[in-house]
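See structure below.
The values are calculated or read from the model by the stated rules, or taken from the named source; none is laboratory data. This one's a predicted model, so the numbers in the text were calculated from it and none came from an experiment. FYI the Cβ positions are ideal-geometry reconstructions off the backbone, even for glycines, and counts take in every protein chain you see. For the accessible areas, the whole protein counts, side chains as well, though only heavy atoms, and no ligand, DNA or RNA atoms are used. Shrake-Rupley method; radii C 1.70, N 1.55, O 1.52, S 1.80 Å.
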Amino acid sequence: YFGEVAVNSLGYAFLAAGKMDQAVNVFEYNVKMNPNSANAYDSLAEGLMKAGQKQAAIEHYRKSLEINPSNDNARKMIGELEKQ
């Protein structure tokens with residue numbers, strides 16, 4: 001295991017390459033390895049959102065917000081996703 005930041009970076013590399021399934025898998029792994037990381041949940045939510053899995057994205061943004069109530073990005077994204 002290379003650590004939360006390195007694994008997260010790999011997930012974002014997959015996202016940038018348009019490989020949504022691989023990105024989500026990497027982000028899910030990062031959450032599994034870092035279950036108390038608001039950032040890991042936030043990244044997983046972003047990957048799910050970009051993969052078209054709106055409800056799952058909302059759930060993971062909520063989990064990120066639960067861990068870190070100061071996560072303004074999660075709050076904003078939940079609002080945007082719920083409007084869709």
Q. Within the stretch 1-17, can you find the residues that are touching a residue at least 12 places away in the same chain (Cβ under 8 Å) and not in a helix (DSSP H, G or I)?
A. TYR1
**Q.** Residue among ALA13, ALA51 that alone is in contact with a Lys or Arg (Cβ under 9 Å, 6 or more places away or on another chain) and aliphatic (A, V, I, L, M)
**A.** ALA13
Q) Take the residues of the stretch 27-51 that are more than 10 Å from the chain's Cα centre (by Cα) and free of Cβ contacts under 8 Å to residues at least 24 places away in the same chain: which is most open to solvent (accessible area, probe 1.4 Å)? A) LYS32
Q.
Among the residues of the stretch 52-64, are any open to solvent by 70 Å² or more (accessible area, probe 1.4 Å) and among the aromatic types (Phe, Trp, Tyr)?
A. no
Q | Selection count, the stretch 26-47, where residues are assigned to a helix (DSSP H, G or I) and farther than 18 Å from ASP72 by Cα | A | 8
Q. For ASN73, which of the numbered conditions (1) in a helix (DSSP H, G or I); (2) at pLDDT 95 or above; (3) not small (Gly, Ala, Ser) fails to hold?
A. (2)
Q: Check whether at least one residue in the stretch 18-25 is assigned to a helix (DSSP H, G or I), loosely packed, with under 11 Cβ neighbours inside 10 Å and either out of contact with any Cys (no Cβ under 6 Å at 6 or more places or on another chain) or among the polar types (S, T, N, Q) (or both), and report yes or no.
A: yes
